[in-house]
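The values are calculated or read from the model by the stated rules, or taken from the named source; none is laboratory data. These numbers were taken from a predicted model, which means no experiment stands behind them. In this analysis, Cβ positions are derived from the backbone assuming ideal geometry, glycine residues included, and neighbour counts consider all displayed protein chains. Calculation scope for accessible area: heavy atoms of the full protein, side chains included, ligands and nucleic acids excluded. Shrake-Rupley method; radii C 1.70, N 1.55, O 1.52, S 1.80 Å.
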Amino acid sequence: MSARPPSPSGRWRFHVMGGFVTVATAPIVPPSPRPSAIVDPRVGDLGPALLALEDGTVFPGIAFGALGSAGGDLVVNTSQTGYQEVCTDPSYAGQIVVMTYPLIGNYGRLIDDDQSTRPWLRALVVANATAAVVDDVQQLAALLRDQGIPAIAGVDTRALARHLRTSGSLRGIVTEPGFVDRDAAVDRARAVERWEDQDFVGQVSPASIMDIGREEDGGPLVGIVDFGLKSNIVRAMRRRGARVRILPHTISAAVALARDIDGLILSPGPGDPARLERPVALARAIIDDGRPLLGICLGHQIVGRAAGAETRRLRFGHHGANHPVQDVELGLVQVTAQNHEVQVVGESLPTESGFRVSQLNLNDGSVEGLRHRSKPIETVQYHPEGAPGPLDALAVFDRFVAACGERRG
């Protein structure tokens, strides 16, 4: 009698006179990896934790962020770099970010590259938490711990991404270290407040006006309505010789349209534009005024609604640094960074609005930009200021600052 090796299900096949006999044995379960193979010892693991989803799916892992727990909608980011910028991007407020690239932490943090003063995501999910530097201050884990953001490693993030692609956006929770009750974790995930029901812009927008740059420096003055502004947009304006005035999201049209402001940007930000009636009314006033206007991401959606178009949530959003976008007038294709849950519905854009769809996403055909037929107004769904990139679309800023300069002249 001879035997063949067992299958993964644990079944042996024995060759005896007249054929094979199959004998069931216990399934073969590979041993779990050591925590030190999941979280670099220089980062330090905090013990077992769970990522639980509202549909009952549970992923065990190792905690390495702050000691608490957090819940929110899961979003998938496919970028290989830029995790520092992702964590400090206000557009991720209220969301659990899943990084599909398997090694997160391969380089250190540069504070000047932060996109705001603190992280805004609810929690971070990675496959492996690595550490390229010994200095704690430069480690991503230190940023998360200092700001109370939980994180979990050891999750098959690519399997999780495929699951979300099938199911659509789901709420989830990252449990505190040591909490491993699966059923209770799923119950907690189902109790997380819905993304659509929360006012994230009110959480991330400043309360006062701030000027950057002196009048004697010259150059046009750009007003930026801050719905969740990224630092790189301010840098993009300053590099082109513009002065900047940052405005709260509650600003009145009279202040936003002050005589010395040569053009306005409606910034990116988190949340559903359908909740933002006051910013939509502000956008409508700016459109009527006719001075240069640039809407980016959430700002694009707000302008779309001001023009009379509808907005609709995408099945699982666009998050990552590799989205191809085509300019329908020029035929030019650019690779863009994106982070949004909502699209402007192109077919709902009224003809009499004066706007036309200017750019399309080549992956799913969704609207990526609007242009006005007669006024210096443009919007883009993607992030031309993408940090760390790609930077294919920087000409968006060139066109806008040039239009502001013409008005000032």
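Compute the projected area of the convex hull of the Cα atoms of region 160-229, averaged over all viewing directions, and report it in nm² to one decimal place.
Answer in nm², one decimal: 9.0.
With each pseudo-label sitting 7 Å past Cα toward Cβ, what's the L362-L394 distance in nm, one decimal?
Once both label points are built, they end up 2.1 nm from each other.
Of all the C-alpha pairs in region 175-289, what % are more than 24 Å from each other?
40 percent
For V328 and R238, calculate 0.36 nm times their separation in residues minus their Cα-Cα distance, and state this gained length in nm to one decimal.
Result for the pair: 29.5 nm of gain on full extension.
Which value in Å does the Kirkwood hydrodynamic radius of region 298-409 take, with 1/r averaged over all unlike C-alpha pairs and then inverted?
It works out to 14.3 Å.
For region 78-155, what class follows from the C-alpha gyration tensor (a ≥ b ≥ c being the square roots of its eigenvalues): rounded when a/c is under 1.5, otherwise prolate if a/b is larger than b/c, else oblate?
In terms of gyration-tensor shape, rounded.
In region 155-285, with Lys and Arg counted as +1 and Asp and Glu as -1 at Cβ, which of these residues, F179, L164, V225, has the Cα nearest the positive end of the dipole, that is, farthest along it?
Highest projection toward the positive end goes to L164.
What are the ³J(HN,Hα) values, in whole Hz, obtained from phi via the Karplus relation 6.51 cos²θ - 1.76 cosθ + 1.60 with θ = phi - 60°, for each residue of region 351-364 in sequence order, with x given for Gly and Pro?
4, 6, 5, x, 9, 9, 6, 10, 9, 10, 7, 7, 7, 9
So, in nm, how far is label E310 from label R194 when the simple model puts each one 7 Å beyond its Cα toward the Cβ?
The answer from the label model is 1.7 nm.
Would you mind computing the Rg to Rh ratio of region 366-409 from its alpha-carbon coordinates, Kirkwood style for Rh?
1.02
Using the heavy atoms of the protein chains alone and a 1.4 angstrom probe, what is the accessible area of region 253-409 per residue in square angstrom? Show your work: numbers first, answer last.
Values: 5920 Å² over 157 residues.
That works out to 38 Å² for each residue.
Treat each spin label as a single point 7 Å out from the Cα along the C-beta direction, and report the T250 to R373 distance in nm.
3.9 nm
Calculate, for Y107 and R162, the FRET efficiency according to 1/(1 + (r/R0)^6) with r their C-beta to C-beta distance and R0 30 Å; round to the nearest 0.05.
It comes to 0.65.
Could you pull out every residue, at least 5 positions away or on a different chain, whose amide H is within less than 5 Å of the one on G94? Hs are placed 1.01 Å off N in the peptide plane, and Pro or chain starts have none.
When sequence neighbours closer than 5 places are left aside, the close amide H contacts are R122.
Which order, highest average first, do 216-225, 177-186, 121-130 follow once you tally other Cβ atoms within 10 Å for each residue and take the mean per peptide? Could you put the intermediate results ahead of the total?
On the way: 216-225: 19.6, 177-186: 15.8, 121-130: 25.0.
So the peptides 216-225, 177-186, 121-130, ranked by packing, come out 121-130, 216-225, 177-186.
Residues with amide H under 5 Å of Q139's amide H, sequence separation 5 or more or different chain, H placed in the peptide plane at 1.01 Å from N; which?
R109
With the Cα gyration tensor of region 110-182 in hand, give its eigenvalues times 5 under a square root as the equivalent ellipsoid semi-axes, listed largest first in whole angstrom.
So the equivalent ellipsoid measures 25, 15, 14 Å along its semi-axes.
Projected onto the charge dipole of the chain (+1 at Lys/Arg Cβ, -1 at Asp/Glu Cβ, origin at the Cα centre), which of L46, L276, F316 gives the Cα projection farthest towards the positive end?
F316
Here are several values of semi-axes √(5λ) of the Cα gyration tensor in Å: (1) 33, 23, 21; (2) 41, 21, 20; (3) 46, 24, 19. Which one was derived from the coordinates shown?
Label of the calculated value: (3).
Beta carbons within 10 angstrom, averaged per residue: use that to sort the peptides 106-114, 91-99, highest first.
The densest-packed peptide leads the list: 91-99, 106-114.
With the full set of protein chains in place, find how many percent of the accessible area of the chain is carbon and sulfur; take the probe as 1.4 Å.
Percent of accessible area from carbon and sulfur atoms in the chain: 52.
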